[in-house]
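The values are calculated or read from the model by the stated rules, or taken from the named source; none is laboratory data. Please read these numbers as outputs of a predicted model, since none were measured by experiment. Because the Cβ atoms are built from the backbone with ideal geometry, glycine has one as well, and the counts that use them run over all protein chains shown. Please note that ligands, DNA and RNA were not included when accessible areas were found on the heavy atoms of the full protein model with its side chains. Shrake-Rupley method; radii C 1.70, N 1.55, O 1.52, S 1.80 Å.
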Amino acid sequence: RPPEDEEEEVEVGWQEKLFSQFEVDLYLNEAACQTPLDWQYHEEIRKLEKAGGRKNCRIFTYTDHDRFTNLEELCQKVTDLDHEVPSYLVERMANVRRRRQDRRPVEASSLKSKIITWEPSEEFIKNNHVINTPVQTMYIMGDLGPYGKLGHREYENVLCTIKVDGNGVITVKPDFTGTKGAYRIELDGEKREVWEYTIENASAQVQPEEEEREQRVFRELYGRHRDYLSGLVGSDFEMPLPGTLRLFVNGEIVSAQGYEYDNLYVHFFLELPDQWSSSPFQQLSGVTQTCATKAMGWDNVAYFCYPFTVDMFYTQEDEGVFPFLPQWPVLYFEVLSLDFWQRYRVEGYGSLVLPTCPGVHMLTIPTWRPVGLGPVAEMRRFFIGGSPELEDLTYVRIPSTFKGKRLSRFGFRTETTGSVTFRLGCLQQSRAFLENSSLRQRMQSVLDRLGGFSQQSSVYNVLEAFQRARRRMQEARESLPQDLISTSASAV
């Protein structure tokens, strides 16, 4: 065939409609026109026929309002399985058209009242359970049918997909060709034809004056948006009382590895020492889901990814007494396994002292479990489940009921088991942070940051003055003659 019949170059604008041969044959028939959009296409095709026919041949487009765009979004698969059955959530999400969602502007009078909806209604959840960013879509298609047989739907192929969301982000898939070479489409027909096509950005370059004006408009828009967000948040922040430290922990039980049995779960609770408190609604304990292990190297690893959040307060009761090092909250946990017969076994005990420094901490804690005397206990554990357990989980460290001076564990038999990995994001809030930052003082530890420990700072000042006086005495002693020092020493 001559080359001019096989090559075609078309410049397409945004949401510009180019009709295919199939659409021309379809919409020319008035009996096939049902919707107002169909009648609009009918009139446009009639005008094109009067003007000499359409200019394009194989390349055409589907705009945002065409049937193909609606069906393409409804028929998208989640996996690459050939016989995929859509789940209930997929069917419900298919009816959520992001481009058709109408956003209501937030009134200026209700800026601070609509940040969080504490009691959402069912209609509110239905309309806001998905990120509601309006999207407009356009498909550039190619009719790759045999020579002289255009207009068959089975030969239509997507050459390029262009999406523009409400934030102004343009997505072109596949990307502009550039220097990568042409894209190829191989057909499964008898002759196995191969088509090559390129995609180029034909938009005019922006002039420097227009670009500067656009940047100025963006800066003004960003400034107004920043003021809008400041109005939403407000300036009223809850500050802890003087001498009080607020500790906020965003934690995650990441994984457990190295245990004997499968189907692990973790039970944990947080112990608050004296002078520590939390909200009455704060949950200080929890249980993860049961997770099957996966072979990773030499160990069997169970990935929980179980999040938890704890908000605690440390309050100094008496500033007049020199405070000792305060006890920090401790996280106790036990790892258990569950088999097919719903029998559970204790796999290990462990404890974790929450980090005293703010930031993100990745900690791997080893565990142990009690072991009974003789092989009978292990046989019972293997066949019928169950194993020696601790009545009090705080026995992992120092039991909460222990009142003596020495704790002996001689004769208590244990066995080393696996380990549990935690990811902890710790945040600390105190008035002392603001005061220390304004005074440009370096905060050495958590005790220095509390600010309410005035007696501690005074003792530090006395010790520092004593050290300075001692250094001056040593310098004066070194400057004295040696015979005078020896005479005074002998007289003493």
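Worth a mention:
- Spin-label proximity, GLN283 to the stretch 370-412 - amide N less than 19 Å from point 7 Å beyond Cα toward beta carbon: none
- Solvent exposure ordering (accessible area, 1.4 Å, most first) of LEU424, LEU71: LEU71, LEU424
- Using a Förster distance of 60 Å, the FRET efficiency for ARG153-PHE382 (Cβ separation, nearest 0.05): 0.40
- Prolate/oblate/rounded label for the stretch 146-223 (Cα gyration tensor, a/c 1.5): prolate
- Cα gyration tensor category, rounded, prolate or oblate, for the stretch 3-58 with a/c compared to 1.5: prolate
- Candidates per GluC sites (Glu not before Pro) in the stretch 1-52, loop by DSSP, up to 14 other Cβ within 10 Å: GLU7, GLU8, GLU9, GLU11, GLU16
- Label positions at ASN70 and GLN467, each projected 7 Å from the Cα along the C-beta direction, are separated by 7.9 nm.
- Remark: for residue pairs LYS17/LYS47; LYS50/LYS149; LYS17/LYS55; LYS55/LYS163, the C-alpha separation exceeds 19 Å in LYS50/LYS149; LYS55/LYS163.
- Shape category assigned to the stretch 368-425 from the gyration tensor of Cα positions, a/c cut at 1.5: oblate
- Protection proxy ranking of 464-476, 369-381 - average other beta-carbon atoms within 10 Å, highest first: 369-381, 464-476
- Net length gained if the chain between TRP39 and GLU123 were fully extended (0.36 nm per residue, minus Cα distance): 26.7 nm
- In order along the stretch 413-427, the phi-based Karplus estimate (6.51 cos²θ - 1.76 cosθ + 1.60, θ = phi - 60°) of 3J(HN,Hα) comes to 8, 9, 9, 6, 10, x, 8, 10, 9, 10, 10, 10, x, 9, 10 Hz; Gly and Pro are listed as x.
- Sites matching chymotrypsin sites (Phe, Trp or Tyr not before Pro) across the stretch 1-63 that sit in DSSP coil, with at most 13 neighbouring C-beta atoms within 10 Å: TRP14
- Here the accessible area of the stretch 218-371 is 59 percent carbon and sulfur, with a 1.4 angstrom probe and all protein chains present.
- Of the trypsin sites (Lys or Arg not before Pro) found in the stretch 156-246, the ones in coil according to DSSP and having at most 12 other Cβ atoms within 10 Å of their Cβ are LYS180, LYS191, ARG192.
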